[in-house]
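Below you'll find the structure, written out as structure tokens, and then a few comments.
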Amino acid sequence: MARQEERDDDKVRLDKWLWAARFFKTRQLAHEALELGRVLVNGDRVKASRVVKEGDRLFLRLNQLEYNVEVLQLSTQRRPAKEAVLMYREDEASIAAREERSLLLKAEHASFPHGDGRPTKKARREISRFKSSF
């Protein structure tokens, strides 16, 4: 029985590993990302049931950000974020590109015009006069 457990420890489903490494909040979200092709393993599109191995290269596209990581450890348990970071290593180029993209998205968001809120009573009257003039 112990041998079976040892063999099962080195076999981890990709969706379970992505969840344990804290890339996704739930396994279902990880599964959906794999089905949509947002996660590539060694450059190939794969299914959620694929067994991930140490040394695999993953490309993840999450919320307009891209991650290029290498699997260092396997785990099926979701651990604290400080421990989850030890499960993979991200390329320096990937980190720099992601930070640059993040800053660009923040700048775009800041430049969007924001409304002044709900119209005042006077503004509502003017809107209604404008609409009724047509």
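Tabulated results
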| read-out | value |
| --- | --- |
| Matching residues in region 104-118 - criterion: being in a helix (DSSP H, G or I) and more than 19 Å from Glu66 (Cβ to Cβ) | Ala110, Ser111 |
| Cβ-Cβ under 9 Å pairs, at least 6 apart or on other chains, region 91-115 side within 27 Å of Gly55 (Cβ to Cβ), far side open to solvent by 100 Å² or more (accessible area, probe 1.4 Å) and assigned to a loop (DSSP other than H, G, I, E, B) | Arg101/Gln64 |
| Count of region 33-45 residues which are surrounded by 20 or more Cβ atoms within 10 Å (Cβ to Cβ) and free of Cβ contacts under 8 Å to residues at least 24 places away in the same chain | 1 |
| Check on Lys122, more than 24 Å from Leu36 (Cα to Cα) and either open to solvent by 90 Å² or more (accessible area, probe 1.4 Å) or hydroxyl-bearing (Ser, Thr, Tyr) (or both) | yes |
| Yes/no for Ala48 being open to solvent by less than 50 Å² (accessible area, probe 1.4 Å), within 28 Å of His109 (Cα to Cα) and without any contact (Cβ under 8 Å) to a residue 60 or more places away in the chain | no |
| Whichever residue in region 17-32 is aromatic (Phe, Trp, Tyr) and not in a loop (DSSP other than H, G, I, E, B) and, among such residues, is most open to solvent (accessible area, probe 1.4 Å) | Trp19 |
| Given (1) surrounded by 11 or more Cβ atoms within 10 Å (Cβ to Cβ); (2) within 15 Å of the chain's Cα centre (by Cα); (3) not acidic (Asp, Glu), number of the condition Ala81 does not satisfy | (1) |
| Test for Leu86: is it open to solvent by 90 Å² or more (accessible area, probe 1.4 Å) and closer than 19 Å to Asp56 by Cβ | yes |
| Filter result for the condition that a residue is farther than 21 Å from Lys16 by Cβ, among the small types (Gly, Ala, Ser), open to solvent by 70 Å² or more (accessible area, probe 1.4 Å) and at pLDDT below 95, over Ser94, Ser102, Ser111 | Ser111 |
| Sole exception among (1) open to solvent by less than 30 Å² (accessible area, probe 1.4 Å); (2) in contact (Cβ under 8 Å) with a residue 24 or more places away in the chain for Asp56, by number | (2) |
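The values are calculated or read from the model by the stated rules, or taken from the named source; none is laboratory data. What you see is a predicted model; the values in this text were computed from it and never measured. FYI the Cβ positions are ideal-geometry reconstructions off the backbone, even for glycines, and counts take in every protein chain you see. These area figures cover heavy atoms from the full protein model, side chains too; ligands, DNA and RNA do not enter into them. Shrake-Rupley method; radii C 1.70, N 1.55, O 1.52, S 1.80 Å.
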